[in-house]
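Shown next, in C-alpha cells, is the structure this report addresses.
The values are calculated or read from the model by the stated rules, or taken from the named source; none is laboratory data. As the structure is a prediction and not an experimental result, all values here were calculated from the model. Every residue, glycine among them, receives a Cβ derived from its backbone with ideal geometry; neighbour counts consider all protein chains shown. Ligands, DNA and RNA are excluded from the accessible area calculation, which covers all protein heavy atoms including side chains. Shrake-Rupley method; radii C 1.70, N 1.55, O 1.52, S 1.80 Å.
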Amino acid sequence: MKRPVDHGAMAVSGYTVPWHTGAGTPIALHVSSSRQVRDVRIVRLDTAEFMDWHVEPTGNAPSHRDFDHGSFLKIAASELAKAAEITGVAFEVYLTRNDGVRVLFESGNLRLGLQDGRLTSGVDGKPLETGQSLPANTWLTVEISLDGSGTALQISSDDLLSPFRLHHRFDRPWSASGDMVFGASAANDVRSLNAKFSSIALQSETRRIVWTFPTLLPSGPIASTGGDSALLLETVNQPAFCMTSRRWDGSSFDPRLVPSHYDAVHCHDDDMGALQWPASYHLQIPAEASAGVYAFEVGHGGGSERIVFFITSSAPSSAQRAPLLFLVPTATYLAYADEILPAHLYEWMCEDRGHRFAIDNNLKSLYDYHSDLSGVSISSYKKPKATLRDDYNYPLCGCPHNLPVDLHFLRFCHNNGIAFDLITDRDLHERGVAGLEGYRAVITGSHPEYMSVEMEHALRQFAAAGGSIAYLGGNGFAGKVAFQDDLMELRRSPLEAARTWDGPLAEQSLSITNQPGGYLRASGRGEFSLTGVAISLMGFDGARPFTRTSESHDASAAWLFDGVASETFGDEGIVLGGAAGYEVDATDPHLGTSPDTIVIARATGFPDSFVHDATRWYAGGEDERASRRCAEMTLRHLPSGGLIFCASSVAWCGALPAGDAMNDVGRITKNLLTHLAATKGRANPDR
C-alpha cells in the first residue's frame, strides 16, 4: 500500500545504486525530498573534505516519493489469459495478527474481505451474512469453485482440537477477470494481510495449475507446474520464503531434508522490498579516486542531508597496495539501518532524526519485528538508511555508534600517517580470500557483528596463510547473514530474544542458502573459534578503562605498549566516555578460546546496568559469573607468523584521539598497526 514519504524528521532521504563500487565506475542517487534541492556535492567523510567532482542531474528532478508497504502474491491477468477459463482456485493460508480491513483474496468480481478477522464480502460486493471469524495461527484450506449459476466457498482446518468448517454459496458466478491477488486488494488500497500462504492451485476447464513455493529465495516470479505452458506468480514486495507450512510436523528443522515442510511464504503488511525510485543524479567516479567513505550531500533551504556510499580498492599491483586493509562492516550497518527502538521497550538517552524518520515511515531494521510480531529477516540496501550518517547518535547510549565511530578511527589513521586500502565485507563475501591476497593485515571496524560464512572462512584462510587480523571492536563475528543481489538476510535464534525478536527454531534456516542462521558460533565459526573472544557484557552507561595484565609485559606483547606510561588507560572517548563499553568481549576456554591466546588487558567495575550475554554458562554458578564481569583485550601469535589482536570493545575506536592529539589508546593502536604493516607472516608472500 503506497503512502507518501513523511519528511517531518528529514526533508531529504535516499539511497545510492550501487552502495559500494570502485573508482572509475558510475553511481546513481535516488532521492525523495519535501524541499527544493539547492545543490548536490560529494564529500569524503573519512577525511572530511569536499571533492571537486561533477554530479550530473538525470532529468528526474527530486520530488516527494512514495513508500510501498506490504507484501502479497499476484497472478497477472496476462498470465491467466494463457489458461482456459478458470473454474476454481484453492490455497492454504495461516493468518496471524490482522486488525481492521484486510483482503484475503480478490479476483474479478469475487473479493473475500476481512474486518478484524471476520469475513465481510464476497461476489459483486455482496456482504456475507455468516458473521464467522476465521481462526488465526492455524492452517486453513480455502477452496473457491463455480457451482452451477453460483459460486461455492469452503474454508476448513484440520486442527484436531479446534476444527473449523465454513461452507457458503454465493448466488452469482465468479468471473476470474483481471489480476488474481492473494493477501491484498487488487487496487492495493487497504493494508495487506499478515499471513503465510502455500499450495496455490487453479482449476481450468482443461488442467490443474499448481504453484509450489521453493525453499530457496527465487530471483523472479515462480512458474507453475501442470500443462504445457507455465504461468508466473509474482511475490510482491519481498515476503519471507522458507517458512514452515501445513506439512511441517516437527521431525526436522532442515529445509534441505524436508523441502515440502518449508513450502510456504510469509507476507507482512509492513514488508518493503527494494525501492524503485527514479535516479535523480548521476556521478562518474574519477578513475584516480581514492578508496574511502563518501556521501552525496544534498542541500536544501533548511539544511542538508548526507547519503553514504563507499569507494573500494580494486586489485592494485603490489607496488600500489597498502600493507593494511580496512574491512567496512556494511552487514552491520544494514542490519541496524532504520531501527525503530520502540519507546515501551527502550529508554532513549538522546534524540536522533534518523530514528524519528524510520518511526514516521514505518521502516524496519533487522532488529525490529513486523506488526504480527514475527521478526524482520531480510532487507535491501535500495532504501533510505536514515541512521547511517556521520553525525548519528544512537538513542540507546546517547553517543555515536557504528559509522561515525568507524570514521573516527579512519581519521585517526589519516592523521597519523597509517596507510590503508579499503573494501566492504560484501566485497570479501564475493571475492573470498583472493580479495585479501598480498595484504599483511585486515582491520575491522568498531562493531563487525554480522558476517556470512564466506566472509568468516576467507578471514580464517587469510590468518592461516600468515595474515594478521586487528579486531578493533566488540561483539564481532557473531551473527550469520547471507546475500543475494541487493538483499541481506538474517534469521535470529531464540537465544537472541533478550535484545531483539525471537525467531522460531524451526524457521532459523536462511532462505538465500537454506543453511542454519542464528549464531556463527553454532556452526563452529566466528567469535571464540576465530578471534578467541565473544560478547560478555552489554550496557549503555559509563564505559570503563582497561588495565594491563602481567602477561602484557612479556616480550611477545610488550611492544604494543611502547610509550604507554600508565598501567591503566582508556578513561575518555566519544562512546560512553571510555575505551571499554557498550558491548565488550571476553575469553572462555570452555567455548573455544585457544590456549595460546594471551589476555593483555582487562576492564572491570562495570555498572550493574551492564547485562551478561545470555548464551554464556558458568560451571561455578553466580560466583564465577560475577568474576567474569569484564572485558578482555587479547593477543594471539599464530603458527603461520600472523597474529590476532582483539580490542574486545565497541567503544575502543571511540577512545582514539582526534586531530593532532595523542593518548594511550592511540599509542597502542598506532603501535599495533605500525607493527602489522611491517610484519610478514611466514606463509604470507613477500611484497
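Structure above, values below:
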read-out	value
The stretch 151-171 residues that are under 20 Å from Ser245 (Cβ atoms) and hydroxyl-bearing (Ser, Thr, Tyr), paired with ones that are open to solvent by 30 Å² or more (accessible area, probe 1.4 Å) and not in a loop (DSSP other than H, G, I, E, B) (beta carbon under 7 Å, 6 or more apart)	Ser156/Arg165
Qualifying positions in the stretch 379-398 - of a type outside the set (Phe, Trp, Tyr), in a strand (DSSP E or B) and crowded, with 23+ Cβ neighbours inside 10 Å	Ser379
Single unsatisfied condition, Ala264 versus (1) of a type in the set (Gly, Ala, Ser); (2) over 21 Å from Ala28 (Cα atoms); (3) out of contact with any helix residue (DSSP H, G or I) (no Cβ under 9 Å at 6 or more places or on another chain); (4) open to solvent by 10 Å² or more (accessible area, probe 1.4 Å)	(4)
Subset of the stretch 569-593 [assigned to a loop (DSSP other than H, G, I, E, B) and acidic (Asp, Glu)]	Asp571, Glu572, Asp588
Which numbered condition Gln320 fails, given (1) assigned to a loop (DSSP other than H, G, I, E, B); (2) within 23 Å of Ser33 (Cα to Cα); (3) of a type outside the set (A, V, I, L, M)	(2)
Yes/no for Gly474 being more than 16 Å from Thr332 (Cα to Cα) and in a loop (DSSP other than H, G, I, E, B)	no
Sole residue being surrounded by fewer than 17 Cβ atoms within 10 Å (Cβ to Cβ) and not aromatic (Phe, Trp, Tyr), chosen from Leu366, Leu373	Leu373
Hits in the stretch 464-483 (condition: buried (at least 24 other Cβ atoms within 10 Å of the Cβ) and under 18 Å from Cys646 (Cβ atoms))	Gly467, Ser468, Ile469, Tyr471, Leu472, Gly473, Gly474, Asn475, Gly476, Phe477, Ala478, Gly479
Total residues in the stretch 42-53, condition of a type in the set (Val, Ile, Thr) and either exposed (fewer than 13 other Cβ atoms within 10 Å of the Cβ) or assigned to a strand (DSSP E or B) (or both)	2
Some residue of the stretch 54-65 being free of Cβ contacts under 8 Å to residues at least 60 places away in the same chain and either more than 29 Å from Arg411 (Cβ to Cβ) or surrounded by 19 or more Cβ atoms within 10 Å (Cβ to Cβ) (or both)	yes
Residues within the stretch 218-243 that are touching a Leu at 6+ places or on another chain (Cβ under 9 Å), assigned to a strand (DSSP E or B) and either within 12 Å of Ile200 (Cα to Cα) or not aliphatic (A, V, I, L, M) (or both), tallied	7
Residue, surrounded by the fewest Cβ atoms within 10 Å (Cβ to Cβ), within the stretch 420-445, restricted to residues that are assigned to a helix (DSSP H, G or I) and among the acidic types (Asp, Glu)	Glu430
Of the criteria (1) out of contact with any helix residue (DSSP H, G or I) (no Cβ under 9 Å at 6 or more places or on another chain); (2) of a type outside the set (Val, Ile, Thr); (3) assigned to a loop (DSSP other than H, G, I, E, B), which one Glu489 fails	(3)
Within the stretch 76-187, strands (runs of 3 or more DSSP E) holding 2 or more residues that are more than 23 Å from His370 (Cβ to Cβ) and touching an Asp or Glu at 6+ places or on another chain (Cβ under 7 Å)	86-95, 150-157
Selection within the stretch 168-199 - surrounded by fewer than 23 Cβ atoms within 10 Å (Cβ to Cβ) and among the basic types (Lys, Arg)	Arg169, Arg172, Arg191
Pairs where the first residue, in the stretch 126-147, is over 18 Å from Pro173 (Cβ atoms) and of a type in the set (Val, Ile, Thr) and the second is modelled with pLDDT under 95 and part of a loop (DSSP other than H, G, I, E, B), C-beta under 9 Å, 6+ apart	Thr138/Asp158; Thr138/Asp159; Thr138/Ser162; Thr141/Asp158
Extreme residue, nearest to Arg602 (Cα to Cα), among residues of the stretch 532-563 that are among the polar types (S, T, N, Q) and open to solvent by less than 20 Å² (accessible area, probe 1.4 Å)	Thr549
Residue pairs meeting the criteria (Cβ under 8 Å; at least 6 apart or on separate chains; first more than 18 Å from Leu407 (Cα to Cα), in the stretch 571-600; second among the acidic types (Asp, Glu) and part of a loop (DSSP other than H, G, I, E, B))	Ile598/Asp554
Sole residue being closer than 30 Å to Ser204 by Cβ and touching a Leu at 6+ places or on another chain (Cβ under 9 Å), chosen from Gly113, Gly108, Gly117	Gly113
Trp248, sole failed condition from (1) surrounded by 15 or more Cβ atoms within 10 Å (Cβ to Cβ); (2) not in a loop (DSSP other than H, G, I, E, B)	(2)
Filter result for Gly417 (in a loop (DSSP other than H, G, I, E, B) and within 15 Å of Leu324 (Cβ to Cβ))	yes
Of all residues making up the stretch 521-547, the number that are touching a residue at least 40 places away in the same chain (Cβ under 8 Å), in a loop (DSSP other than H, G, I, E, B) and either in contact with a Leu (Cβ under 6 Å, 6 or more places away or on another chain) or not polar (S, T, N, Q) (or both)	10
Which numbered condition Ser192 misses (of (1) in contact (Cβ under 8 Å) with a residue 24 or more places away in the chain; (2) among the small types (Gly, Ala, Ser); (3) farther than 28 Å from Ala506 by Cα)	(3)
Unmet criterion (only one of (1) in contact with a helix residue (DSSP H, G or I) (Cβ under 7 Å, 6 or more places away or on another chain); (2) of a type outside the set (Ser, Thr, Tyr); (3) open to solvent by 20 Å² or more (accessible area, probe 1.4 Å)) for Glu143	(1)
All positions within the stretch 628-683 that are surrounded by 24 or more Cβ atoms within 10 Å (Cβ to Cβ) and either touching a Pro at 6+ places or on another chain (Cβ under 7 Å) or aromatic (Phe, Trp, Tyr) (or both)	Phe645, Trp652, Gly654
Any hit, the stretch 70-90, residues being in contact (Cβ under 8 Å) with a residue 40 or more places away in the chain, of a type in the set (A, V, I, L, M) and open to solvent by 50 Å² or more (accessible area, probe 1.4 Å)	no
